[in-house]
């Protein structure tokens, strides 16, 4: 067998081997696999709200308001969470209060342990990034797609609106005592903490003045 024939046979064998080693995947299967790997804000937010947000440390309301009043600048600088350049700092807060007003968009409570200090608990028109940013669990640097990052807020707020708020508003009444945990923002330019609005993640009615 001539040298040329041997080379020809070798090349044919190499081509045959390479051809059979290549796996051709249909385009629709490739697209389906890619879709399955897409980021899901719904699933991510659900995991945050069920497994991570409950464990986030929250300031007690009494300490929070006292420190705002006594050392505003140092307190918000050291403890407030922020995202980029903003006039707001975000906090997680917990405490107790007596319901003094039930409105269409908020329930107002007189905070236990604080004289003449009220706070609004949001029950409607919940939007924005307060809950996401106050939790400190999500960083914009982790997301190349800003839409995904923003949709995390949308889905966290949706869970609050659909699951946290409804059973609360069905029972809440003036005179009741309740425990709460949630997120709020403080405007560091206005330096005003009257009637701050809390986005709740936990609400428990403990008792009422008429023992209902």
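The values are calculated or read from the model by the stated rules, or taken from the named source; none is laboratory data. Since we're looking at a predicted model, the values are computed, not measured. Note that each Cβ is placed from the backbone with ideal geometry, even for glycine, and that neighbours are counted across all protein chains shown.
Overview of values
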| item | result |
| --- | --- |
| Qualifying position, being free of Cβ contacts under 8 Å to residues at least 60 places away in the same chain and part of a helix (DSSP H, G or I), among 192, 150, 116 | 150 |
| Checking residue 84 against (1) at negative phi; (2) surrounded by fewer than 20 Cβ atoms within 10 Å (Cβ to Cβ), the condition it does not meet | (1) |
| Test: residue in the stretch 157-179 that is crowded, with 20+ Cβ neighbours inside 10 Å and assigned to a strand (DSSP E or B) | yes |
| Residue that is more than 16 Å from residue 204 (Cα to Cα), modelled with pLDDT under 95 and in contact with a strand residue (DSSP E or B) (Cβ under 9 Å, 6 or more places away or on another chain), where the choices are 77, 115 | 77 |
| Residue that is surrounded by the most Cβ atoms within 10 Å (Cβ to Cβ) [pool: residues in the stretch 195-208 that are assigned to a strand (DSSP E or B) and at pLDDT below 90] | 207 |
| Condition broken by residue 188, with the remaining ones in (1) within 20 Å of residue 96 (Cβ to Cβ); (2) in contact with a helix residue (DSSP H, G or I) (Cβ under 6 Å, 6 or more places away or on another chain) satisfied | (1) |
| Filter pass, residue 25 being surrounded by 10 or more Cβ atoms within 10 Å (Cβ to Cβ), over 30 Å from residue 162 (Cα atoms) and either modelled with pLDDT under 95 or touching a helix residue (DSSP H, G or I) at 6+ places or on another chain (Cβ under 6 Å) (or both) | no |
| Residues that are more than 24 Å from residue 204 (Cα to Cα), in contact with a helix residue (DSSP H, G or I) (Cβ under 9 Å, 6 or more places away or on another chain) and in a helix (DSSP H, G or I), drawn from the stretch 119-146 | 140, 142, 146 |
| Count of residues meeting criterion [over 24 Å from residue 95 (Cβ atoms) and surrounded by 15 or more Cβ atoms within 10 Å (Cβ to Cβ)] in the stretch 105-139 | 1 |
| In the stretch 84-113, the residues that are assigned to a loop (DSSP other than H, G, I, E, B), more than 20 Å from residue 151 (Cβ to Cβ) and in contact (Cβ under 8 Å) with a residue 40 or more places away in the chain | 87, 112, 113 |
